[in-house]
Amino acid sequence: MFTCIWFRSSLCYLFLLPFSWLYGLVSTLNRISYQHGWRKVYRFSVPIVIIGNITIGGNGKTPMVLWLVEQLQYRGWKVGVVSRGYKGKSKHYPIVININTNSNECGDEPMLIWRRTGVLVAVSPKRSDAVAALLRIQEELDIIISDDGLQHYALFRDIEWVVVNSLFRFGNGCWLPAGPMRERMNRLHTVQAVIVNGSKEDRLAGEVLMQLYPSTVINMLTGESRSLNCLSNVVAIAGIGYPTQFFGTLKNYGVTPIRTISFSDHQIYYERMLTSLTKKNEILLMTEKDAVKCLDFARNNWWYVRMEVKINKIDTDNLLCAVEDKIRYYKDYNSNI
C-alpha cells in the first residue's frame, strides 16, 4: 500500500502529511541534539564508514558493504562490521556472530556478511556498543563499516556513503509515512559519496554507479557452484525490499522462472513453507539474504544467487583512496599518542 502512495501518482499521501511533519520535526531535533553536543557522540580509535540511505527500503546497502569489505581485505586491511540487526531478536546485546549464532538472533543481513567475508560482525541496536564489542575482541582492527546507520548520530563517523535505488529514487520526496524519506534530499550534500544502484542512464552528475550482477548460483545443501543460465524449471522467491528487481535480474541474465513468489522483507521461513512451493524436477531459487535463514533445513533442489557489485575503476580508486587515507591518518595519530 505505502509503495503505491510513495512512488506513484496518488493523492493519498496528503492524509499522512501531518504525521510526516511530526516525523521530520523529531528527526531534525534528534540530529541537532548530537551536532550541538546536547547528547553524547561515541568516538573510537578506528575510522568508521557508514553505508546507509535517506529512504526506507532495499537500496543495495548490504551488497555495497560486502564490496567494500572485500576490497579492503584484498588490500590487507583488518575490517570489522557492525549492524543494528533489523528483525533479529536476542535476549542480550551486543552479539558478535559466530558459528553458533542463528540468523533469528542477529538478523539476516549481518549473517550474510559474516558468512560471505569471514570478518568480525557485531550486532546491537546501539551501534556504539557493537563497535566496542569488536574492539574488545580485536584491538588491531583497521576500520569498521556500519551496514546502515546513517541516522544513528550517536556513533561518530568519518565517511558517509548513501546508496540510492535508481528505479525508485526518492518517490514523492516526503518524510515517512507520507513518503519514503528518512531525511530530506539536502542531506546528500553532506555525505562523501552518493552511490546509485542501477543503470548508466539513471546516474546523475557526480554520482557513483554501482551495478549488481549474478556472479554464480550455489546449491544450499552441497555448496556446488554453477552459472545462472545452467538452471531450468526455476521457481524464484524473494523476501527483500523490492522482489520484482530480483526477478527482473534473473530474466535479464537468461532465466525466466515458471513461477515467482514475493515475500515481505526479512521474511522468516519454515521448512514446510518452502518445500510446498516446488514440484518434482523444479528448482527453488532465492536470494542470498533469504538463503542464510534456510540453511538448516535446505533441500538438494534449493539454490541461491550470489550477487556482486561492479563499479568502474576510476570510481573504485576514488572511493578506496578516501577510505585508506582515513585508515592511515588514524594509524599515524594513534602511534603518536
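The values are calculated or read from the model by the stated rules, or taken from the named source; none is laboratory data. Everything numeric here is computed off the predicted structure, so don't read it as measured data. Every residue, glycine among them, receives a Cβ derived from its backbone with ideal geometry; neighbour counts consider all protein chains shown. Quick note on the areas: whole protein, heavy atoms, side chains included, nothing else; ligands and nucleic acids left out. Shrake-Rupley method; radii C 1.70, N 1.55, O 1.52, S 1.80 Å.
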Checklist outcome for this item: On the accessible surface of the chain, probed at 1.4 Å with all protein chains in place, carbon and sulfur together account for a percent value of 52 percent
Checklist entry - Restricting attention to the stretch 41-92, which chymotrypsin sites (Phe, Trp or Tyr not before Pro) occupy a DSSP loop and are surrounded by at most 13 other Cβ atoms within 10 Å? => result none
Checklist entry - Which value, in debye to the nearest 20, describes the size of the charge dipole of the stretch 144-184 about its Cα centre when Lys and Arg Cβ atoms bear +1, Asp and Glu Cβ atoms bear -1, and nothing else is charged? => result 200 debye
Next on the checklist: Taking the solvent-accessible surface of protein heavy atoms with a 1.4 Å probe, what is the per residue accessible area of the chain in Å²?
Outcome noted: 50 Å²
Checklist entry - If you keep only loop residues by DSSP, which GluC sites (Glu not before Pro) in the stretch 183-236 have at most 12 other Cβ atoms within 10 Å of their Cβ? => result E224
Checklist outcome for this item: Set K61/K326; K40/K313; K87/K200; K89/K313; K61/K280, cut-off 31 Å on Cα-Cα distance; pairs above it are K40/K313; K87/K200; K89/K313; K61/K280
Item to check | Loop-resident sites, the stretch 264-315, for chymotrypsin sites (Phe, Trp or Tyr not before Pro), counting at most 13 other Cβ within 10 Å (DSSP) | outcome: Y270
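Within 12 Å, Cβ to Cβ, of R203, how many net charges do the neighbouring residues add up to if Lys/Arg are +1 and Asp/Glu are -1?
-2
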Checklist entry - Just one of [x] 32, 26, 20; [y] 34, 21, 18; [z] 41, 29, 18 is semi-axes √(5λ) of the Cα gyration tensor in Å calculated from these coordinates, so which is it? => result [x]
